[in-house]
Amino acid sequence: MSDSCANIRKPVLLIAAALLLSAGVAFIWQQGKQSCLTAQAVDPCVNFELEELTASYQMLRYVAERGGDEHQRKFAIEWLDEQARLKIAPKPEQEAWLLSLIEQGGHVDWDIETQLWIFNNAFNYLHLGKDHAALTKHLQHLALKHSHKTMRLYAVQHLALQRSIGNLTGEAADESLGLLQQLIQNTDSEVAGSALVALVNWEGLESKPSEKLIVLANQLAGDSNRTVDIRVTAIHAVGEHTLSLARKLATDLAQPVQVRKAAIACIGQHGTESDTATLQQLAQENFRIAQAAEPALKNIRASKLH
C-alpha cells in the first residue's frame, strides 16, 4: 500500500470514529433522558426520605409501603382521622389507593392492632368518597372472612354506617341484608349481636323492629350457647320487646352475671312498678348484681312520678 493511500484513509477513519462517538453520546443522552422521565413517573409518596414526622397523606403512603415504625404509624392514622373529622373527601387517586390497600390487607409487617387501627380510620375516611360500591364489597368480605373478630365487628358496624348515611342502597343493600342475616343465623358467629343491631336500625333509628327481628333477638338473648356479649347486645337491641325474657334471666342464678345485669337494666328501662319488689330483692343479692338493680329501681320510681 502506498503512503498516499494511507494518508487518504487516515481522515476517513477519523471521521468514522467521530461519527461513532457522536452516535454513542446521543444514545447515552437519550437513555439518560428516558431514565429521568422514568424517575419522574415514580410515585413521590413512596420514594422519599422522611426528614420530619408529620401527619400527612405522604406519611400514610410511606407506612403502607414500608411498614413504618410506631411513631410513623401514629402520624399516618392521625392524618386519616383528621380528614374524616373535618369531612374532607378523598381525591379520586387517594380513594382508589386506599381501597387497594384494604383489599391487599395492608403491609406484611403490620401487627393486627396496626391493621385494625389504620383500617377503621380508613373506613371512616372512605365514607366521604364516591366509590361506595367498592367500599361495601370490601366491608362485606371482611365481615364474613377476616380471621379477627374485631375486624369483623368493624366491618359490620361500617356497613350499618354506609346504610345510615345513604351510601348503601339497591342491590348492594339487599346483598348486605343477606350477609347480616347469615351472620346472625351462624351459631359460631362472634358478631351476631352487632349484625342484629345493624338490621334493627336498617331503616333508621326511629323505625320499629319487625316481628322476625324481635323473635331473633329473643332467641339470641336466651341462647346459652352464644357468647355473653352477643346475648347482652340482643337483650338491648329491640328494647321493650325482650322485657318478658329479661324478667326471667334477671332472677336466674345459672345465668352469667353480665347477662343478668343486662336483663336487670332492661327491666329498669322498660319495666313497670310491678317489677319493684323483684329489683329490691336483687339489690340485696350481691355487690355486682346490686350495681344493676339499684339504678333500675331508681329509673322505675322516677318513671312513676311522670
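Whether a residue is aliphatic (A, V, I, L, M) and at pLDDT below 95 was assessed, and LEU305 passes this test.
For the stretch 166-176, does any single residue satisfy the condition of being surrounded by fewer than 20 Cβ atoms within 10 Å (Cβ to Cβ) and hydroxyl-bearing (Ser, Thr, Tyr)? Checked the stretch 166-176: at least one residue is surrounded by fewer than 20 Cβ atoms within 10 Å (Cβ to Cβ) and hydroxyl-bearing (Ser, Thr, Tyr). The residues on offer are ARG226, ARG260, ARG247, and the sole one that is under 25 Å from the mean Cα position of the chain (by Cα) and basic (Lys, Arg) is ARG226.
For the structure I just gave you, tell me whether THR114 is within 22 Å of ALA76 (Cα to Cα) and among the hydroxyl-bearing types (Ser, Thr, Tyr). When the stated conditions are applied, THR114 passes them. Being touching a helix residue (DSSP H, G or I) at 6+ places or on another chain (Cβ under 6 Å), touching a residue at least 24 places away in the same chain (Cβ under 8 Å), surrounded by fewer than 18 Cβ atoms within 10 Å (Cβ to Cβ) and among the polar types (S, T, N, Q) is a property that holds for THR150. The selection criterion, being in a helix (DSSP H, G or I), farther than 21 Å from LEU60 by Cα and of a type outside the set (Val, Ile, Thr), holds for LEU161. When LEU183, LEU135 are checked against the criterion of being over 19 Å from TYR62 (Cβ atoms), in contact (Cβ under 8 Å) with a residue 24 or more places away in the chain, within 16 Å of the chain's Cα centre (by Cα) and surrounded by 15 or more Cβ atoms within 10 Å (Cβ to Cβ), a single residue qualifies: LEU135.
The values are calculated or read from the model by the stated rules, or taken from the named source; none is laboratory data. Keep in mind that what you see is a predicted model, and the values were worked out from it rather than measured. Virtual Cβ from ideal backbone geometry, glycine too; neighbours counted across all protein chains shown.
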